[in-house]
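Data first, discussion second: the structure below is written as structure tokens.
The values are calculated or read from the model by the stated rules, or taken from the named source; none is laboratory data. Quick caveat: nothing in here was measured; it's all calculated off a predicted structure. Ideal geometry is used to build each Cβ from the backbone, glycine not excepted, and the neighbour counts take in all protein chains shown.
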Amino acid sequence: MTTRLARAATAGLLLVAGTACICSAPPCPDPGQHPPLAQGARPRPLDQAAAPTACSPWPEPPAPRVVDARTVVLDEAAARTLARHVGAGGVWTPTPEVVAWAEDALPVFLAIHEDPRAPWLGARLDGCVRQWAGIVLRDRRLICANVFVAPQGSDAWRRQVVFGRAGFRALFDLETGRFVRLIVDADVPATPPAPRTP
């Protein structure tokens, strides 16, 4: 067994707990100690410090950035899904500080928007979660908020774009510091129900 393992390691194939790890020469001296990122390899989209190395058995999917319990910044793949939904092309990753800037402006935007559903959406913001993504639309860098009521008992919304849960999308322009567009889900009633009185 020792001879087989030595031969496999020499060939650049390291067997660890039954998992094949394809490594570039020289092989990893220790399965837990990875060498520097191989030349020409691409780092993970959101976290270059945690980029997959030449000795990673299987690349892990990039994780979203959790801003707080109800807010995430989507990874690149999910951001592209949201970008296509609003007609945008490229994507980029906003920082938590940029997201917080837009978050502060969101209630005011909904309160004064001409859409009769906007104030109702604003009044229920505290019960909603947010997915944020940086998008490029007509050569302008915007950030898009996807706001909706999260499914109970599931945190899949932190990784997958969700539509059609009485939510909306809002586009924030970094150059003007204002929201410039509101897209409301079709399942939001044209005449929202009046708030309940105690």
State whether one or more residues within the stretch 163-176 are closer than 16 Å to Glu103 by Cα, surrounded by fewer than 19 Cβ atoms within 10 Å (Cβ to Cβ) and under 20 Å from the mean Cα position of the chain (by Cα). yes
Would you be able to tell me the number of residues in the stretch 83-105 that are closer than 18 Å to Val161 by Cβ, within 15 Å of the chain's Cα centre (by Cα) and in a loop (DSSP other than H, G, I, E, B)? 3
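One line per residue, one yes/no per condition, for (1) under 11 Å from Ala170 (Cβ atoms); (2) surrounded by 19 or more Cβ atoms within 10 Å (Cβ to Cβ); (3) touching a residue at least 12 places away in the same chain (Cβ under 8 Å):
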position: Glu103; (1), (2), (3): yes, no, yes
position: Glu114; (1), (2), (3): no, no, no
position: Asp126; (1), (2), (3): no, no, no
position: Leu142; (1), (2), (3): yes, yes, yes
Looking at the stretch 56-73, can you tell me whether even one residue there is at pLDDT 90 or above, within 30 Å of Gly177 (Cα to Cα), surrounded by 18 or more Cβ atoms within 10 Å (Cβ to Cβ) and not hydroxyl-bearing (Ser, Thr, Tyr)? yes
